[in-house]
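The values are calculated or read from the model by the stated rules, or taken from the named source; none is laboratory data. Remember, it's a predicted structure, so these values are computed and weren't measured experimentally. Reconstructed Cβ throughout: ideal geometry from the backbone, glycine too, with neighbour counts over all protein chains shown.
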Amino acid sequence: MDLITREKIKQVKRGDQSAFEDIVSFYQNKIYQHCYRMLGNRHEAEDIGQETFIRAYVNIHSFDDKRKFSTWLYRIATNLTIDRIRKRKPDYYLDAEIRGTDGLDMYSQLATDHRLPEEEVQGMELQDYINQQISGLPPKYRSVIILRYLEEFSLQEISDILDIPLGTVKTRIHRGREALRKKLRHV
Amino acid sequence: MNCSHEAVELMHKYLDHDLTKEEEGRLRVHLEDCEACQKHFHELERTIKLVQNTEQITAPADFKKSVMQKLPAEKKNVKYLRWFKAHPVLTSAVIFVIFMFSGMFSSWNQSGELVVSKQENLEIQGDTVIVPEGVTVEGDLLVKNGDLRIDGTVDGDVRLVNGDLIKDDTIEGSGLMASAGEVNGDLQQVDQVFEWLWFHMKDLIKSIFSLGHIQLTGT
Ligand SMILES: [Zn+2]
């Protein structure tokens, strides 16, 4: 962890809110993006992303300075997104687009399950399609794929973030890659 | 080599940089012969590239502001300390006001009697404190609500609050040296209530700032 972050965290631990503002500035895009990838929509990403920073601030004294701050922050974010996914009502996907800011029509997402991927991809931008496939992975595969390939953490760091053994990270990343391969091989 | 299990397993180990030299050799030999596994391997590599190439997303413009607004209130002492450091002049004014309302004046009014910081070897005649000839006061001397005559020596600062320094031989009169005795430090004479206040405020401000310093740079 760089010295500036370390010093800022010391100040936050003494209760200095203005130092925390700098931490939010530095990590907000990364954490927001992580939440967005995990949750698949901007509204929830904003909600959970903000909650991540609030939890980090309130619990800053439980952060061990010897560890990496980003790992700790991503752990909070990942746990909150997984909680949110669990608490979703079954009809959540239908609601999401009515509030929607995503441009992804969730009704059509349900409908397209019966279509072949080639047809589906032609109907939308490739980027959107890939995002949708990542969001469609089961959460335990989704989190490792996002952390590895979008946030570029090492497998050991992912093991720290998710608090699971390294072997489990490897199993999940293999399965996540296979699941995505099947979805993306036609594009 | 069994394609669906062993070869694919090795591919994933390769992608995680986990292959031994021996395993790498075996995978390479198999890939040369097996078109299905070649295809599988390319698909995996391409999948990773597609995922990595998705565009970066940035947080909404008001994200940080919303977070900061939702944080629980900051501990008061930190807020005050930061404010004090940023506004030293106003700080003095604030402390002055606090003192006015916290009974500093009443303590001033009540404590009309003579106060001396060191009693040892000093003579007191009525309202006058005398440092006798041949006597040396070690350290600072404070006299409040009384006069001071120094015939001996004060090895430190002298603070006279609401009193005068009595000079015996005013005939020779040349300031401090006119006194028979000696002050080996500063002489501060404080006569008025506001000066007295200011005198204490300086101490208080100093202690606040040094406290702040310890808190902000300590472990
Ligand atoms: Zn094969």
**the range B:28-43 residues that are closer than 15 Å to B:Glu9 by Cα and more than 8 Å from the ligand (Cβ to nearest atom), paired with ones that are outside any helix (DSSP H, G or I) and not small (Gly, Ala, Ser) (beta carbon under 8 Å, 6 or more apart)** = B:Glu43/A:Arg185
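In this structure, does B:Glu22 turn out to be more than 16 Å from the ligand (Cβ to nearest atom) and more than 9 Å from chain A (Cβ to nearest Cβ)? Reasoning before the result, please.
Values: more than 16 Å from the ligand (Cβ to nearest atom): yes; more than 9 Å from chain A (Cβ to nearest Cβ): yes.
Against the criterion (more than 16 Å from the ligand (Cβ to nearest atom) and more than 9 Å from chain A (Cβ to nearest Cβ)), B:Glu22 qualifies.
Looking at A:Arg84, is it among the basic types (Lys, Arg) and either surrounded by fewer than 16 Cβ atoms within 10 Å (Cβ to Cβ) or free of Cβ contacts under 8 Å to residues at least 40 places away in the same chain (or both)?
Working: among the basic types (Lys, Arg): yes; either surrounded by fewer than 16 Cβ atoms within 10 Å (Cβ to Cβ) or free of Cβ contacts under 8 Å to residues at least 40 places away in the same chain (or both): no.
In short, no.
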**Request:** Please go through the range A:33-72 and pick out each residue that is touching a Ser or Thr at 6+ places or on another chain (Cβ under 7 Å) and without any contact (Cβ under 8 Å) to a residue 60 or more places away in the chain.
**Result:** A:Cys35, A:His43, A:Ile48, A:Gln50
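Examine the range A:15-29 for a residue that is at the interface with chain B (Cβ under 8 Å from one of its Cβ atoms), touching a Cys at 6+ places or on another chain (Cβ under 8 Å) and closer than 17 Å to B:Leu71 by Cα, and state whether such a residue exists. Give the derivation first.
At the first step, the residues of the range A:15-29 found to be at the interface with chain B (Cβ under 8 Å from one of its Cβ atoms) are A:15-18, A:20-21, A:24-25, A:28-29.
Checking the rest, the ones that are also touching a Cys at 6+ places or on another chain (Cβ under 8 Å) come to none.
Looking through the range A:15-29, none of the residues is at the interface with chain B (Cβ under 8 Å from one of its Cβ atoms), touching a Cys at 6+ places or on another chain (Cβ under 8 Å) and closer than 17 Å to B:Leu71 by Cα.
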**Prompt:** Which one of these is more than 10 Å from chain A (Cβ to nearest Cβ) and aliphatic (A, V, I, L, M): B:Ala36, B:Ala73, B:Ala59?
**Reply:** B:Ala36
**Complete:** Subset of the range B:23-66, residues closer than 19 Å to A:Arg148 by Cα and basic (Lys, Arg), comes to B:Arg46, B:Lys49
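From the list B:Trp108, B:Trp83, which residue is outside any loop (DSSP other than H, G, I, E, B), within 14 Å of chain A (Cβ to nearest Cβ) and either modelled with pLDDT under 75 or within 16 Å of the ligand (Cβ to nearest atom) (or both)? Walk me through how you get there before you give the answer.
Values: B:Trp108 fails: within 14 Å of chain A (Cβ to nearest Cβ).
Answer to the selection: B:Trp83.
Is it true that B:Val158 is surrounded by 14 or more Cβ atoms within 10 Å (Cβ to Cβ), at pLDDT 80 or above and within 30 Å of B:Leu90 (Cα to Cα)? Explain how you work it out, then say what you get.
Working: surrounded by 14 or more Cβ atoms within 10 Å (Cβ to Cβ): yes; at pLDDT 80 or above: yes; within 30 Å of B:Leu90 (Cα to Cα): yes.
When the stated conditions are applied, B:Val158 passes them.
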